[in-house]
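These notes concern the structure reproduced below.
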Amino acid sequence: MIKKIYNWSSSWTGTIVIVLTIIFFVAQAFVIPSGSMKNTLLIGDMLFVKKFSYGIPTPRIPWLEFKVLPDFNDNGHLIEGSKPQRGDIVVFRYPHDEKVHYVKRCVATGGDLVAVHNKHLLLHPKEGNEFVLKNYDKGNIVSIQGLMWVIDPYRKAHPGIHNDPSVVQNGLTPYQLFEFSPTQVPEGEFFMMGDNRDHSNDSRFWGTVQYKYIVGKPWFVYFSWDDKKEIRWDRMFKTVNTIEKEMENKEMVINHEKGIY
């Protein structure tokens, strides 16, 4: 029996079935095409996407994006699972073109209020004021018309999030980078933003992402090279958490050398 399985798996048919099973249900390769997640994920990072993080997406033939099975549940998933949480980096299909994959950070979930003021992200979680006071630093909380808003709620935990000081209001830059009116995220949907806040095409411009477009989350970088095709050995086989931890440690060393504690 074991020999039969081995012989089958060694055949072209067995190999194709195994590879497609992995791609459909376990992991799929993804290349970071833009700088919208810099400095957390860089252009040229090649990573595996963990496809079972938020359930099992309806299988599609890679590259052709042809659905192998119908969307039985009408939610883009063969098996429904947990949903993206605030702060997660998520790989998803662009709502206006399902063949295009995006990777962004989920900054708000269904029921949350989200806004941008003077480039600062403002979040009022659906759990309400008491939740904000219990779970966030008081120095990052502001009260507006009776609602407690958290200012830049993810920057401390995720050091790759940043703004570009060279991007200023001059009539040519999109106003959404500087001001975004308070908006409530629909239930079951997610507000996505790039860590490279001033160079990201995200929910500020085209709206929230429904669960049916969610694919998974980055697993680990298996290869990386820069625009000169020079290999970034220091990023090989590292998870996002590891990359962020190294960034945090590097920032602590720099602040220590500057006498900032």
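One compactness figure for segment 47-115 is 1.18, namely its Cα radius of gyration divided by 2.2 N^0.38 Å. Binning the C-alpha pair distances of the chain at 10 Å intervals from 0 yields a P(r) profile of 6, 26, 32, 23, 9, 3, 1, 0 %, listed from the shortest bin outward. Counting only alpha carbon atoms, the long axis of helix 12-25 and the longest principal axis of the chain meet at about 20°. Distance between the pseudo-spin-label points of Asp226 and Met247 (7 Å out from Cα toward the beta carbon): 1.7 nm. Along the chain, the longest continuous region that contains none of the GluC sites (Glu not before Pro) in a DSSP loop with at most 16 other C-beta atoms within 10 Å is 1-64. Modelled label positions at Phe52 and Ser143, each set 7 Å beyond Cα in the direction of Cβ, lie 4.8 nm from each other. Between Asp152 and Gln85, full extension at 0.36 nm per residue minus the direct alpha carbon distance yields a gain of 22.5 nm.
According to the Cα-based calculation, Rg over Rh for segment 73-221 is 0.96, with Rh computed by the Kirkwood formula.
The calculated FRET efficiency for Val167 paired with Asn39, based on their beta-carbon distance and R0 = 25 Å, is about 0.95. Counted residue by residue at 0.36 nm each, then reduced by the alpha carbon distance between them, the extension gain from Trp233 to Tyr94 reaches 47.0 nm.
Relative to the dominant Cα principal axis of the chain, helix 240-257 is inclined by about 40°.
Label zone of Tyr175 (point 7 Å out along Cα→Cβ, amide N under 17 Å): in segment 196-227 this covers 204-207.
Working out 0.36 nm times the residue gap between Phe72 and Asn129, then minus their Cα-Cα distance, what length gain in nm do you get to one decimal?
Computed gain between Phe72 and Asn129 is 16.6 nm.
Computed about its Cα centre, the charge dipole of the chain is approximately 720 debye, with only Lys, Arg, Asp and Glu carrying charge at their Cβ. Estimated purely from DSSP H runs of n ≥ 4, each contributing -39500 (n - 2.57), the mean residue ellipticity at 222 nm for the chain is -6000 deg cm²/dmol once divided by its residues. Residues considered: Gly139, Gly128, Gly87. Largest GNM mean-square fluctuation over the chain, using C-alpha springs under 10 Å, is found at Gly139.
Bear in mind that the values in this text are calculations on the coordinates, not laboratory data. Keep in mind it's a predicted model, so treat the numbers as computed, not measured. Methodologically, a virtual Cβ is constructed for each residue, glycine included, from the backbone with ideal geometry; neighbour enumeration extends over all protein chains shown.
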